[in-house]
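This report refers to the structure that appears directly beneath it.
Read-outs: derived from the displayed coordinates by stated rules, not from any lab. All values reported here derive from a predicted model rather than from experimental measurement. When we count neighbours, we look across all protein chains shown, and the Cβ atoms used for this are built from the backbone with ideal geometry, even at glycine.
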Amino acid sequence: MKREEWHSQSGQGLVEYALIILLVGVVVGGTAYALGPSIGQVYSALQGELAGGQGSLPGPQPVAVTPTPTPTPTPTPQPADWSEWQVVIGNKWRVEGDSYCTGPGGEQRSFYGAENWTDYELAFKALLTQGNGYGVYFRATNYQKVNAYIFQYDPGYGKGAFLYRRIVDGNEQSPFARAWAPDGYAWHDEEHEIRVRVEGNTFTAYVDGEVVLQAQHSEYTHGGVGLRAWDGSNVCFRDFQIRFLRPPERGRDDPGEIENIQDERIRQ
């Protein structure tokens, strides 16, 4: 009788244990359903790890990013602000509307830009009403006692010519390249577009879109720009722009030899 009582109590205990386990299962299942897919993701991740797989934890996963190369700057013309020009010699410089004018008078010099400029193209329009001409400096350093190259629009040189000179400590040297203008060329009272391309040791000058003079020289490798007038010249410049052919950077200062000096005439 005691054995039967023990079996009855044992069977009752097993049923109670089963009911408790079932109840816990229902509660856990309901909780998992209420929490949504996040637990399922955790479970899947843990299952992958336990199975020796490469399961990942929930949440945003890192994405491989391919580095974007730095774009090469596209040279864009930069208008020169006349208020930023530095007058070094002369008291005739003035702004008239959109133009920067000087003269009539003696030597006049004004500069713009930084000495670490290297390769660039400068362009402007100029109207000479009287006098023996004007020039545009390039690769200019030490503006007060300038070292530079200059392209000169020079009706006072012989019968009238376009020149390249080297300027040393503010003093111009003999032309290292020259082109005579055609007979009857309109030096005065007619606006012309001037463009000078400075690239490496090669300089190319254009007047009204036509090449008038090209030469090479290797002494000066960097520097800003400037404008000059002399001998009673009265001239107005406008629409002065710089287009960089490569980003400004410090160039070397060592002098080089003059190369391929040219003496060309403009083809009519």
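For the reader, a short list of remarks on this structure follows.
- In the range 168-178, residue surrounded by the fewest Cβ atoms within 10 Å (Cβ to Cβ) [restricted to those that are assigned to a strand (DSSP E or B) and not small (Gly, Ala, Ser)]: Asn171
- Condition met for Glu199 (touching a residue at least 60 places away in the same chain (Cβ under 8 Å) and either polar (S, T, N, Q) or surrounded by fewer than 18 Cβ atoms within 10 Å (Cβ to Cβ) (or both)): yes
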